[in-house]
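Scroll down for the structure; my scribbles are underneath it.
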Amino acid sequence: MSKDKEPTVISLHSVYVMTLVWGTLIQFSEESEFVVDKSKIGLTRVPKDLPPQTKVLDVSQNFITELHPSDISFLSQLTVLRLSQNRMQCLDISVFKFNQDLEYLDLSHNQLQTILCHPITSLKHLDLSFNDFEALPICKEFGNLTQLNFLGLSATKLQQLDLLPIAHLHLSCILLDLERYYMKENEKESLQILNTKKLHLVFHPNSFFSVQVNISVKSVGCLQLANIKLSDDNCQVFITFLLELTQGPTLLNFTLNHVETTWKCLVGIFQFLWPKPVEYLSIYNLTIVESIDEEDFIYYETTLKGVKIEHITKRVFIFSQTALYRVFSDMNIRMLTIADTHFIHMLCPQVPSTFNFLNFTQNVFTDSVFQNCKTLARLETLILQKNKLEDLFKISLMTKDMLSLEILDVSSNSLEYDRHGENCTWVGSIVVLNLSSNILTDSVFRCLPPRIKVLDLHSNRIRSIPKDVAHLEALQELNVASNSLAHLPGCGSFSSLSILTIDYNSISNPSADFFQSCQKIRSLKAGNNPFQCTCELRDFIQSLGQVSSDVVESWPDSYECEYPESYKGTLLKDFRVSELSCNTALLIVTIGVTGLALALTMTGLCVYFDLPWYLRMLCQWTQTRRRARNVPLEELQRTLQFHAFISYSEHDSAWVKNELVPCLEKEGIKICLHERNFVPGKSIMENIINCIEKSYKSIFVLSPNFVQSEWCHYELYFAHHNLFHEGSDNLILILLDPIPQNSIPGKYHKLKALMAQRTYLEWPKEKSKHGLFWANIRAAFNIKLKLVAEEDDVKT
């Protein structure tokens, strides 16, 4: 094989190989240190610095030419070795004698010509395909590979007993690369394949099919042929090649991949296979060349159940549509798939059809397909996704004669429904309907099959589910994800709903009543919505927490706050808000109770500190001050008539009259006493205020008796208030007898404050100290006496 040769790697073969690789690698997926990938880095030999514990080694797509024992002998735990797409020409299998755990060995797409055999028993996957072997590289030692599942081979010539050494093995798949096989002149080769479930034959991708070898199979269940290039001239060569291959009674699946053919030859292949014991025919990557003309086709009784054709390329641009479509529409089989073919139409069968499954994904069908078609009464499943359908009303009409139709998939089209005056006519048997990825709006709920059980409407333009929607009592599963729904619907119209998918919408405040409305719900997927984390959402979060985690899918990771900004990104399960801020009634009660408690406290304080009394006193004082402002200036200048006003308890009057007053008046100090200076006719309160205001000083004789006198306290209050009003120091406190602090009532807090803050004169009991006491009294009047004297001089 030349170095620049790039053989076609067949998709199904790749799938099979990757399945085996994945099955081997999956156990190491969490242990990356056991997997070493050195592919596509230009290596010329296996690296020497590999970790000894390596279990998976990939050195594919490099330039390695040889493999020596020392390269991998130290990798005693090696399980998978990929050496494909290198430049190896010879392989000595003994290099693996120290790799007793080796199960997967891929040497495909090299330049191998010879193999030196050696006993090895652990392999499950051995791929020697797409190499330069002349004969099939089969060692007799391969007969000991009792665990072998996959065997890939290549050769340029075949002999009937080449596979005899492994005839007793029960393989899952044999891949036979015949890209370099060439026809020998006057010699027809043969090959017997005994025990394999799947036989995969790969031919040259660019040459017309010319292989004339008789390959007989014994127990093949799946036959796959790849790289088939046919014309009208060599079509019979290919059909002859199939004669022996398709004789086995166990052949169920026949697959053709990468096929280029004329329409006439393709119909001939269909006609050849129709009576064969094949049950499923699949054709992938089909190219039709030359012309498409009407061909006779006899639909014999067949064991064929299904035909699948995916990805058709037509190199014919002018042809009869009927000639193309009629071959498929009249097939007497149960299942037909024609996908990714760009067919613009499909004909209605001419006679009652046996189809129960039709799949026309990714074509260009329009709303006219199967209209008024009465021959598809047995059809149970119809898939028309990724076409050019536009009118849902017409789709409903299409189904009216499909009396057995249960599953309809018309997703990924351009369907809409805007016929408000016309009712949709669905066949009553539909239970599964896929309308996803269209341009449907809220009106779609007026055009639904009445007995629908599973409805998929995701990726449309639905904003709300109308409240007047017809009751879909049989609906069990509803998918409305990726729409513009603003509310979580209830189950009033969907009494049997058990599965709801409504993620990726515009739901911000879902109702907490959802689970009460939807008693049968067993799966809810409502994440990835712009939840607004406010008080209204709290009840919904609580209801989510009360149901099983199996019911709410993707909880809690897909449920996040979107608004307000301060909570953005917060998981709903972590969102917290106080009961007080959310419960209006509780908030009102709390404010009321707090206000009442405050009112009661203030009332208690008012009573304790006798606030009403202070208010009355303040009112009296204010009234007196107001009258004083109305007195003429001349009269105001004559209002200071006394040096001192003396406030005392009647019980202390003897000391005041016998000691205090005589001593002060002897010094020329004019004294104001209530019993001789109060003006008859005025209230006591007004007389007290007038006397205090007409005096330079107010003398208070403090004693336990003073404390018990309410009138004394009034006088003290007004004198203290006048002190702050006038801005002068007009109080003289004389402590006649000690006053215990606990004997002063709480409402007389001013008296307590004055005794705590101001200096008072204490009347001494010893006569020897009386002189000092009177000296201190007179000192309080020295300055004022001088001023009074000056005033008297002016008057005279």
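Where a ≥ b ≥ c are the square roots of the eigenvalues of the C-alpha gyration tensor, would you call segment 266-384 rounded, which needs a/c under 1.5, or, failing that, prolate if a/b is larger than b/c, or oblate?
Judged from the Cα gyration tensor, segment 266-384 comes out rounded (a/c under 1.5).
Which FRET efficiency value, to the nearest 0.05, is calculated for ALA654 and ILE588 with the Förster distance at 60 angstrom and r the Cβ-Cβ distance?
My answer for the efficiency is 0.40.
I'd like the accessible area for CYS691, computed on protein heavy atoms only with a 1.4 Å probe and all protein chains in place. Round to 10 Å², please.
Rounded to the nearest 10, the figure is 10 Å².
I need the shape label for segment 490-557. Rule: rounded when a/c is under 1.5, else prolate if a/b > b/c, else oblate, with a, b, c from the alpha carbon gyration tensor.
Taking the square roots of the gyration eigenvalues as a ≥ b ≥ c, segment 490-557 is rounded.
Could you name the lysines in cross-link range of LYS394, using Cα to Cα under 18 Å and dropping any fewer than eight places away on the same chain?
Within the straight-line cut-off, LYS394 pairs with LYS374, LYS386.
Please list 540-550, 252-262 highest first by mean number of surrounding beta-carbon atoms within 10 Å per residue.
Averaged packing, sorted descending, gives the order 252-262, 540-550.
Cα centroid distance between segment 367-402 and segment 558-577, in Å?
Taking the Cα centre of segment 558-577 as reference, the centre of segment 367-402 is 46 Å away.
Between rounded, prolate and oblate, where does segment 411-489 land on the alpha carbon gyration tensor, with a ≥ b ≥ c its root eigenvalues, rounded for a/c under 1.5, else prolate if a/b exceeds b/c?
Rounded, since a/c falls under 1.5.
Considering only protein heavy atoms, what is the solvent-accessible area of LYS197 at a probe of 1.4 Å, reported in Å² to the nearest 10?
Approximately 140 Å² for this residue.
Report VAL679's accessible area, 1.4 Å probe, all protein chains in place, as a number in Å² to the nearest 10.
That residue has around 70 Å² of solvent-accessible surface.
Using 0.36 nm per residue of separation minus the Cα-Cα distance, give me the extension gain between ARG576 and ALA470 in nm, one decimal.
Stretched out fully, the ARG576 to ALA470 stretch lengthens by 34.2 nm.
The values are calculated or read from the model by the stated rules, or taken from the named source; none is laboratory data. Everything quoted here is computed from the prediction, not taken from an experiment. Here the Cβ is made from the backbone with ideal geometry for all residues, glycine too, and neighbour counts use every protein chain on show. To get the accessible areas, we keep the full protein, side chains included, count just its heavy atoms, and leave off ligands, DNA and RNA. Shrake-Rupley method; radii C 1.70, N 1.55, O 1.52, S 1.80 Å.
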